[in-house]
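One structure is given below, encoded as structure tokens.
The values are calculated or read from the model by the stated rules, or taken from the named source; none is laboratory data. What you see is a predicted model, and the numbers here were worked out from it, not measured in a lab. Here the Cβ positions follow ideal geometry from the backbone for every residue, glycine too, while neighbour counts run over all protein chains shown.
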Amino acid sequence: MPKIQQRYRKLVFLTWFLTLDLIMFGAFVRLTDSGLGCPDWPGCYGQLSPVGAATHIREAFEAMPHGPVSFSKAWIEMIHRYVGAILGMLIIGISWMAWRHRKVLGHTPALAIATLVAVCLQGAFGAWTVTMKLMPLIVTAHLLGGMTLLAMMTWLAAREKRHPALAASEFRLRPWAVAALLILFVQIALGGWVSTNYAALACMDFPTCHGSWVPHMDLASGFSLVRGLGELPSGEVISQAALTGIHWVHRNFAVLVFALVGTLAWRLRHSPGLGGPARLILGLLVAQLFTGLTTIFFEWPLAVAVLHNGGAAGLVIACTTLCARLYQVSTQGVPHDDTEPAIAKLAAAVSRSDEAASDPAGRVLCRDRHVPGQSGAA
């Protein structure tokens, strides 16, 4: 039985780590414009790798040297697909083990099966990203799907790791933890919309935008969802005012994220059971501010942009861990209040039980277990 638990635990943590890596690499794919490096799916010009598609790639590159197809971009895109396929197989293994050994593991397999469904949907959005030519709505949904998958894998991993018991007062923060996670996902969606519309450099100054706190912008056009890359629903080229609106909303919504998520993390920073993820949140918020400003002032350096995406993934991990620990009571020991430690309460309960189970002569009665060949006293 312990071997099964250990194997499941290792598989979950390996898959969680690979999910984070895949999200980081997916950001690299998007930021290097490699999403159409192989313009068909699931192969590359009908081949398993760019090696077999070398002729097609060379012809596409010669016809459009600065276009979306090149050997480097084809390899970047296909490596992303290969890793995604490996991730899918690992999640199939997790789902099978969670169902087959559910009694041994002590968990319902529902979350593992839901994660399998999520990775299948994520694969579908990956295909649509290519076949629909990087449509901003599809690419943003693909990003949100990846972050959702990361949150689900984080929850699976969090319930495999024990942590100090929480104070009873901390359980009252459950709604705030959920709200922090939800508002973080809204900000990630806005950030994905900025990235997929190439609006990161729409405002080159800070804290103002084009020298104004509320610049001229076209929010209706900027947030029209069903349209192609770089164009409006009418087919016209997207305007600078629309790009400014996309950037401005993402930048200012970050203030709300910092206020809510940062306040929650600051309040929990000294908690024995929640202090670790809370302090990680505080550090990542500072890092996100730094990488966001660096992206503006240094005009979108690739490494910093990838780190900005990685910081968002880290915040998802930390906020999900907070929620998991607040809701998975069975893995955190005995909850306690702020005045009497759980161990002291447990020791007092055991002492009272021993006193109640002793007769006047000092002999302890075997009330909770039966000893073969004996009845009554031991």
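Do you know which of the residues in the stretch 44-67 that are among the polar types (S, T, N, Q) and within 23 Å of residue 126 (Cα to Cα) is surrounded by the fewest Cβ atoms within 10 Å (Cβ to Cβ)? Filtering first and then ranking leaves 49.
Residues that are out of contact with any Cys (no Cβ under 9 Å at 6 or more places or on another chain) and assigned to a loop (DSSP other than H, G, I, E, B): does the stretch 179-194 have at least one? Checked against the condition, which is being out of contact with any Cys (no Cβ under 9 Å at 6 or more places or on another chain) and assigned to a loop (DSSP other than H, G, I, E, B), the stretch 179-194 yields no hits at all. Does residue 170 count as of a type in the set (Asp, Glu), in a loop (DSSP other than H, G, I, E, B) and either touching a residue at least 24 places away in the same chain (Cβ under 8 Å) or within 16 Å of residue 319 (Cα to Cα) (or both)? No, not satisfied.
Listed by position, the helices (runs of 4 or more DSSP H) enclosed by the stretch 28-134 that each have at least 1 residues that are more than 30 Å from residue 308 (Cβ to Cβ) and touching a Gly at 6+ places or on another chain (Cβ under 9 Å) are 54-63.
Only residues that are touching a residue at least 60 places away in the same chain (Cβ under 8 Å), part of a helix (DSSP H, G or I) and either in contact with a strand residue (DSSP E or B) (Cβ under 9 Å, 6 or more places away or on another chain) or not β-branched (Val, Ile, Thr) (or both) were counted in the stretch 143-163, giving 11.
Per the listing 284, 289, the residue uniquely part of a helix (DSSP H, G or I), at negative phi and at pLDDT below 95 is 289. Might you check whether a residue that is of a type in the set (A, V, I, L, M), surrounded by fewer than 22 Cβ atoms within 10 Å (Cβ to Cβ) and either touching a residue at least 40 places away in the same chain (Cβ under 8 Å) or not assigned by TED's automatic domain parsing to the domain that holds residue 263 (or both) occurs anywhere in the stretch 205-222? No: the stretch 205-222 contains no residue that is of a type in the set (A, V, I, L, M), surrounded by fewer than 22 Cβ atoms within 10 Å (Cβ to Cβ) and either touching a residue at least 40 places away in the same chain (Cβ under 8 Å) or not assigned by TED's automatic domain parsing to the domain that holds residue 263 (or both).
Taking first residues from the stretch 52-65 that are under 14 Å from residue 37 (Cβ atoms) and partners that are of a type in the set (A, V, I, L, M), the Cβ contacts under 8 Å between residues at least 6 apart in sequence or on separate chains come to 53/74; 57/69; 57/74; 60/69; 61/69.
If the condition is being within 14 Å of residue 314 (Cα to Cα), surrounded by fewer than 20 Cβ atoms within 10 Å (Cβ to Cβ) and in contact (Cβ under 8 Å) with a residue 40 or more places away in the chain, then the stretch 1-21 contributes 18, 20, 21.
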